[in-house]
1. Report, by residue number, each residue of the range 44-101 that is among the small types (Gly, Ala, Ser), free of Cβ contacts under 8 Å to residues at least 40 places away in the same chain and on the phi > 0 side of the Ramachandran plot.
2. Could you go through the range 148-171 and let me know if any residue there is assigned to a strand (DSSP E or B), acidic (Asp, Glu) and either within 24 Å of residue 259 (Cα to Cα) or touching a residue at least 12 places away in the same chain (Cβ under 8 Å) (or both).
3. Only residues that are surrounded by 16 or more Cβ atoms within 10 Å (Cβ to Cβ) and either modelled with pLDDT under 95 or not hydrophobic (A, V, I, L, M, F, W, C) (or both): list them for the range 106-123, please.
4. Under 8 Å by Cβ, and 6 or more places apart or on different chains, what pairs join a residue from the range 23-37 that is surrounded by 14 or more Cβ atoms within 10 Å (Cβ to Cβ) and in a strand (DSSP E or B) with one that is among the basic types (Lys, Arg) and at pLDDT below 95?
5. Just need a number here: residues in the range 70-92 that are closer than 24 Å to residue 142 by Cβ and buried (at least 19 other Cβ atoms within 10 Å of the Cβ).
6. Could you tell me whether the range 229-238 includes any residue that is at pLDDT 95 or above and of a type in the set (Val, Ile, Thr)?
7. What's the total number of residues in the range 19-40 that are closer than 26 Å to residue 122 by Cβ and either within 14 Å of ligand 1 (Cβ to nearest atom) or touching a His at 6+ places or on another chain (Cβ under 8 Å) (or both)?
Amino acid sequence: MDIEEFRGIRKTAEPLKFTKFNVLIGRNNTGKTSILEALYLLANPWSDYLAPLIGRGRPNFIADLHGGKKSLVYGYTGRCKLTYKVLELTVTMELDQNWVTEVKVNGTRKNSYKEYSEELARCLRVDVEYVHNLTFYIPGSSSFLKTLWGSLMNVWDSIVKMGIHKRIVKELIVPTVYDRFTEILIERGSLKLRKEVDEELGPLYIDIADIGDGIKRIITAVLALEYVKPKLVLWDDIEIAAHPGLLEAVLSWLSSKDWQVFIATHSIDVLTSCLISPLGTGRS
Ligand SMILES: Nc1ncnc2c1ncn2[C@@H]1O[C@H](COP(=O)(O)OP(=O)(O)OP(=O)(O)O)[C@@H](O)[C@H]1O
Ligand SMILES: [Mg+2]
């Protein structure tokens, strides 16, 4: 992809090329978050379509994480241009401080999200309704966690039906923490983790807000990813609050799925895990 005048990036010197598993590692202020956010807009750059589980349009969501809508454009004035190459598609989008101004697919202007999503669905061979789910962004900021918990509770029946609430505890949580957690559930109007303490006392139900930060972030993100099933997973500052053992489990989990992964990190542990893991094939 090419990025021009988007957030912290003036112009990419050459096209960014990605593979199935991508790790963006670098010093502060080198543009990692900006790249993830540019990729996030691919699914839908129109601000009046709410992103799955987020309850905001994608450009609004990014703007809220920073200094408002002006922050989307490099230098706070003008317009940004993003160019994506996906299979045989070339998508270009231009945004200014009044959000999206022009979107083209293979050189043809798309005047609405309906036109855009129909073209993407046809070329990518996915359902038109699914196009909205193509990208999912997990920002470094934790402020979005509460929004996600509320949204996840709204779709809890589907999550239970898909078995996600038990599967992620078994695959990710049990092997990496000492507590004996067995499932995630809704109890008295909030998300809880069932913790086996003692056979006589029975289980404890721990509110997700009271779980340690590392597990809390990972559980929320993983529930959301399993539910949305995006094609592009965009996870910023993945190492926040997570022990290397938990990180290793999450990286393996991410690389075992049928999606393209983009993670940003400052952690050498993350890089080492990616390089030495047997699941490392295809990572770059
Ligand atoms: N609208 C803007 N116009 C110009 N520069 C901007 C704009 N928004 C952000 N920046 C610059 O972009 C940089 C931040 O970029 P970004 O957040 O993508 O970096 P990062 O690599 O993710 O950093 P970190 O490792 O700290 O998370 C800062 O140098 C900031 O000055
Ligand atoms: Mg960043």
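1. 68
2. Initially, the range 148-171 is screened for residues assigned to a strand (DSSP E or B), giving none.
Checked the range 148-171: no residue is assigned to a strand (DSSP E or B), acidic (Asp, Glu) and either within 24 Å of residue 259 (Cα to Cα) or touching a residue at least 12 places away in the same chain (Cβ under 8 Å) (or both).
3. At the first step, the residues of the range 106-123 found to be surrounded by 16 or more Cβ atoms within 10 Å (Cβ to Cβ) are 110, 113, 116-117, 119-121.
If the condition is that a residue be surrounded by 16 or more Cβ atoms within 10 Å (Cβ to Cβ) and either modelled with pLDDT under 95 or not hydrophobic (A, V, I, L, M, F, W, C) (or both), then 110, 113, 116, 117, 119 are the ones that fit.
4. 23/283
5. Going through the range 70-92 one residue at a time, the tally reaches 1.
6. Yes, the range 229-238 contains at least one residue that is at pLDDT 95 or above and of a type in the set (Val, Ile, Thr).
7. Pass one, the range 19-40, residues closer than 26 Å to residue 122 by Cβ: 19-20, 38-40.
Still in the list and also either within 14 Å of ligand 1 (Cβ to nearest atom) or touching a His at 6+ places or on another chain (Cβ under 8 Å) (or both): 38-40.
Adding up the residues that qualify gives 3.
Every residue, every condition in (1) modelled with pLDDT under 90; (2) basic (Lys, Arg); (3) assigned to a helix (DSSP H, G or I); (4) surrounded by fewer than 17 Cβ atoms within 10 Å (Cβ to Cβ), yes or no:
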residue: 196; (1), (2), (3), (4): no, no, no, yes
residue: 222; (1), (2), (3), (4): no, no, yes, no
residue: 225; (1), (2), (3), (4): no, no, yes, no
residue: 241; (1), (2), (3), (4): yes, no, no, yes
residue: 253; (1), (2), (3), (4): no, no, yes, no
residue: 262; (1), (2), (3), (4): no, no, no, no
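The values are calculated or read from the model by the stated rules, or taken from the named source; none is laboratory data. Note that the structure is predicted; figures quoted are calculated from it, not measured. Heads up, the Cβs are rebuilt from the backbone with ideal geometry, glycines too, and the neighbour counts pull from every protein chain shown.
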